Every structure is written in structure tokens, then in C-alpha cells.
Amino acid sequence: MGRAGGSFFAPDESEAFRRKLVALDARLAVERAKFGWFRDYRRLRESFRRLVEDGEAILGRIADAKSSRSRAFHSAAGELESQVGRLKGITGFFNESDVIRQSATQAEIKLAEARLLVEKEKFAEAQKAAAEGMAFVEKAQASAADLLSRYLDPEQLARWRAQADETVAASQKSGGVALIVNKVERTLTVYRRGEKVGVYGVGLGKYGLSDKLYSGDEATPEGRYRIVRKFPNSTFYKALLIDYPNDEDRREFAAARKKGILPEGVTIGGAIEIHGGGKDNLTLGCVGLENAEMDAVYRWAEVGTPVTIVGALAVEETILGEVGKFIKHE
């Protein structure tokens, strides 16, 4: 009974069974101590038979309890596994948050630990490990929600769409070229005469999902800019310098300084470029492309070409949709 987990799954019944067994063993010892012709095992046999039946019934209830615990665990583990899968699927999207990546790792470890404990029928410990794993998931959800709240804000999305639409409309009206960088989709799209003529994958700053505020924050700026200089040979292959900071950036910097939210002694910074060198290397806030694609963009662009950098233009059918589901725990 003890090996079956009776003390955990049916403690009262198991203890009663143990007491009866001890009592019967004592009666058996007494009977055995008698001279052979005085021994009578008939009543003891019947008592042991009933005790065996009781034991089998208790084992059945223990098995049912284990099965119930196992089903409950697998339900919880399935939910945790689903959330861990979602979390792992979006971690590559977040350069900004070590908390999210670390939480994904810890949640996965706790899930594996819980499964091992279930194999050993240590259901209470397994449930605890699964709960700890879900706590790591919830920690990641909170961090992701904090980081991406503005991306899921309808008003902010509307502003970004308006900026992009105005840029494309201006290209159509002037017959010129315009560039739109979409941070969430990690793309740079070239428009000519309002028509899309090229889409290229890009890399961003380490904290590229954040809007640049000061020098050294490794964020990629957002807003409407223009190319002010072309570099045919730069540290990062070819480069297009944009006019960051513009007047809007300076106003935001001044407001942040007035609020006291800037680190001591920082400046607004500058030298933000669209450059080659690869899209998979983290920049210090610039927009990086593969060299062959930088060649194409460099040919399209001229000094004065508009460059609009937005956080996102849509939620559905983008990584934001999956992130939104993860944050809301759907």
C-alpha cells in the first residue's frame, strides 16, 4: 500500500488497512504459538480474505486518484507547453528584453522537470513545477506587454499608417522615390511614383523596437526623415545618412529631459544611416541591409529622398498578432 502511494492518495483508508493488518498479524502470531491441535485458522483466513478485498478496493481508488491527478497535470502541462511554444516562437523578435528570453528558458526547464516528476508519480511536486513554469510565462507576458503596448495601441497604429500613406501619396504626386521602414516586419520598402518597386529585409538597433530618444540608447528612430548624404564607401559598405534628429525629435528630447527621464549627461545623438553590412547584425540604431540589397536601395535613393520609419502598419497576420495572443493568454 505504501509503494502504491496510499499515504498520499488515500491516507485514512491506508492507515486503517495498516492497523487491521497489524492486528491480524498479531492474532496469527498468537494462533501459531498454540499447540498444533489447538490451532484454528478458519476465522483468520476469512478476516485476511476480507482485508485483501479491502486492500484491492483501496488500490483501485488510489489508481483512480492517480489517473485523475495525471489528467489534471497533463491538462496544465498542455497549457504550459502551448505557452512555452508561443514564447519560444516570439523570442527572436525581442532584442530588447533579456527577461523574455530568460523566462522562456526557465519555463521550458520547469516543464521538463514536471514531466520527469510525473513519470515518478510525484504529482504534487510536478504540479508545483508546472505552476512555477507558468509563473515564468506570466513574467514574460508582463515584459512583452510593457514593451509592445504602443504597438498594440490603435491610435499609435493609425498615426504610423497616416505617415506611411502620406509618404506614398507624396511619391505618387512627385513621381519620385520614397522609402518606408517597418520595424515590426523588419522591412524596407521602396516606392516609385507611389508604386512598390522593392521590399528588402532589414536589421535594427539592439533596442530597435523602441523609439530613439538619445545617443547611446541603441534604438532606431521613428518619424519622417530625408536622406541628406550618400556614402559610396563607408564602414558598413555603402550608407545613406538621414536627417535625424529632426525638429520633432528635438522636441521629444527636450520634453524627456524636462521630465527627468534621461540619463545624466546624454545628448540627442545623430549619424543614423541606412547601410550595408548585413541585416542579421545588431546595429547601434541604424537600419542594416545585406550588401547586395543595399546596392539596389542605394541606386534608387538620392539626397532628399523621403524616409519614413514606422513601428508597424498592421497587427493581424504579423508577429504582433501572435504576440498579442501571448500577452492576452488566449
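Any read-out appearing in this document is the output of simple, stated calculations on the displayed coordinates, not a laboratory observation. Just so it is clear, the model here is predicted, and its values are computed rather than measured. We place every Cβ from the backbone using ideal geometry, glycine too, and count neighbours over all the protein chains shown.
Overview of results
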{"read-out": "Separation of the SER234 and ALA255 label points, Cα + 7 Å toward Cβ, nm", "value": "2.8"}
{"read-out": "Exposure proxy order (Cβ contacts within 10 Å, fewest to most) of THR308, THR187", "value": "THR187, THR308"}
{"read-out": "Label point distance in nm, GLU302-ARG43, each placed 7 Å from Cα along Cα→Cβ", "value": "11.5"}
{"read-out": "Whole-Hz couplings from phi, Karplus 6.51/-1.76/1.60, listed for segment 296-305; x for Gly and Pro", "value": "5, 5, 4, 5, 5, 7, 9, 4, x, 4"}
{"read-out": "Estimated FRET transfer efficiency when R0 is 35 angstrom, pair ALA142-ARG192 (beta carbons, to 0.05)", "value": "0.20"}
{"read-out": "Taking SER234, SER82, SER210 and counting other C-beta atoms within 10 Å, the order from fewest to most", "value": "SER82, SER234, SER210"}
{"read-out": "Added length on full extension, which subtracts the Cα-Cα distance from 0.36 nm per residue, GLU119 to ASN246", "value": "39.6 nm"}
{"read-out": "Segment 106-120 - phi-based ³J(HN,Hα) in whole Hz, Karplus 6.51/-1.76/1.60, Gly and Pro as x", "value": "5, 5, 5, 4, 5, 5, 5, 4, 5, 5, 5, 5, 5, 4, 8"}
{"read-out": "Under-5 Å amide H pairs with VAL228, H placed in peptide plane, nonlocal only", "value": "LEU241, ILE242, ASP243, GLY304"}
{"read-out": "For VAL99, VAL190, order by how many other beta-carbon atoms lie within 10 Å, fewest first", "value": "VAL99, VAL190"}
{"read-out": "Distant-in-sequence amide H partners of GLY176 (H built 1.01 Å from N, under 5 Å)", "value": "ARG193"}
{"read-out": "Under-5 Å amide H pairs with LYS279, H placed in peptide plane, nonlocal only", "value": "GLU290"}
{"read-out": "Residue-by-residue Karplus 3J(HN,Hα) for segment 192-207, coefficients 6.51, -1.76, 1.60, Hz, glycine and proline x", "value": "9, 6, x, 9, 6, 10, x, 10, 10, x, 10, x, 10, x, 3, 10"}
{"read-out": "Within segment 195-277, trypsin sites (Lys or Arg not before Pro) in DSSP loop having at most 12 other beta-carbon neighbours inside 10 Å", "value": "none"}
{"read-out": "Linear extension gain, ALA170 paired with ARG50, 0.36 nm per residue minus alpha-carbon span", "value": "34.0 nm"}
